[in-house]
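The values are calculated or read from the model by the stated rules, or taken from the named source; none is laboratory data. Remember, predicted model here, so these are calculated numbers, not experimental data. When we count neighbours, we look across all protein chains shown, and the Cβ atoms used for this are built from the backbone with ideal geometry, even at glycine. Side chains are part of the model used for accessible areas, which takes the heavy atoms of the whole protein and leaves out ligands, DNA and RNA. Shrake-Rupley method; radii C 1.70, N 1.55, O 1.52, S 1.80 Å.
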Amino acid sequence: MHRFVNRRTLLVIFLGATVLGVFSAIQAYNYVALFSEKPQPIEILLGLNMSYWYAWALLAPLVLWLARAYRFERLKWKRALAVHVPAVFLFTFAHAMLLGAGKVATMKFLAGRDVDWWLGVRERYFLYFDWEMMTYWAIIAVSHAFEYYRESQDRALTTAQLQTRLAEAQLQALQRQLHPHFLFNTLHTISALMHRDINAADAMLARLSDLLRLTLERVGTQIVPLKDELDFIHKYLDIERTRYAERLHTNFVIEPDTLSAMVPNFVLQPIVENAVRHGISQRTGPGRITVSAKCSAGGLQLTVTNDGAGWPAQKASGGGLGLKNTRERLKRFDRRCVFELREGGDRGAVASLSLPVRR
């Protein structure tokens, strides 16, 4: 029984019985004062009412043990009913005996007269059986309510832990997508530069090393300041700029108060990568990617714009593994997040993210 009823539960039972006993005594005193010609001293009323509730406090741990050992569940309710129905009669009788003892002690020491204990037990048992029975079932109901609440909290915690693990797995998958074709293309570019521009090849290799190191440092990190996310995007675009040379121009329009805002890790990388692959790489002439961030009443607004060829049909409709991961991770970050893809003004495409501001 110890694992069902701990010290904290016993303390709550004792405090609850004390509060109910005092409240009942005050109610009884007011009733007697208003409607009886023989007012009773408050100490006698307090003794009788405290005896009533302290008697239930003594029995409550056993009732709680029965409630938790024989719960009313879908497949076990018949067994629980077979235990609790006889228990009602036993505990009601036990309470009548304890209350009778309390009444004998109260009247003996506070009123100076003797009362018949057994007569009081029988009178109490038969006269107030319905009220005693309701008290027993009330304890059973409270026990079940707390048990179901605790289990719901445990399930919510387990669900949250599973969601966190899923988010971590998705993040790791996204990091592994950094991207085989991106890494292959970068190494291919370095290989080509080795034959005509050793310094450029060395610089690109150093940038790739910085990017991979930063990626490894952030493994398992769910959210980062926007400043860190932008640092990663800068390094990524530096590598792409080496590949595309004058065909790729970048512009960052970042309001200073946005840099400390927390965002999902790697939330911008798939969007910028898509802008390069499906925008700039499709152009024969120069193209520009603009990354902007600002805070407004609606939250943090992030925008990635390119003036290239626009989004392919499947991308605009939300397809593509990187963009799908981005949508899912934004939902887990905050359900109020909004991610939209649309065509640019004259040409190109715009990806916009709206997130609640977290510092």
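Residues in region 107-117 carry Karplus couplings, in order, of 5, 5, 8, 9, 10, x, 9, 9, 10, 7, 5 Hz; the curve used is 6.51 cos²θ - 1.76 cosθ + 1.60 with θ = phi - 60°, and Gly or Pro positions show x. The C-alpha atoms of the chain define a longest principal axis, and helix 321-333 lies at about 30 degrees to it.
Kindly report the accessible area of the chain per residue (heavy atoms of protein chains, probe 1.4 Å, no ligands, DNA or RNA), in Å².
On the way: 20440 Å² over 359 residues.
That works out to 57 Å² per residue.
What the phi angles of region 197-210 give under the Karplus curve with 6.51, -1.76 and 1.60, with θ = phi - 60°, is a coupling list of 8, 4, 5, 5, 5, 5, 5, 5, 5, 5, 5, 4, 4, 4 Hz, glycine and proline written as x. Computing Rg and the Kirkwood Rh from the Cα coordinates of the chain gives a ratio, Rg/Rh, of 1.36.
Just the protein heavy atoms count here, and of the accessible area of the chain at 1.4 Å, carbon and sulfur take up 60 percent.
Return one number: the angle in degrees, 0 to 90 and rounded to the nearest 10, between the long axis of the Cα atoms of helix 7-35 and the longest principal axis of the Cα atoms of the chain. Approximately 50 degrees, to the nearest ten.
As an exercise, use a Förster radius of 30 Å and the Cβ-Cβ distance of residue 183 and residue 247 to find the FRET efficiency, rounded to the nearest 0.05. Intermediate values should be presented prior to the final figure.
Values: r = 20 Å, r/R0 = 0.68.
That gives a FRET efficiency of 0.90.
Which of the peptides 53-59, 118-124 is most tightly packed, and how do the rest follow, judged by the mean count of other Cβ atoms within 10 Å per residue? Please report the intermediate quantities before stating the final value.
Numbers: 53-59: 20.0, 118-124: 15.0.
Listed from highest to lowest mean packing, they are 53-59, 118-124.
The H on the amide N of residue 265, modeled in the peptide plane, is under 5 Å from the matching H of 223, 224, each at least 5 residues off or on a different chain.
Relative to the longest principal axis of the Cα atoms of the chain, the long axis of helix 226-244 lies at roughly 20 degrees.
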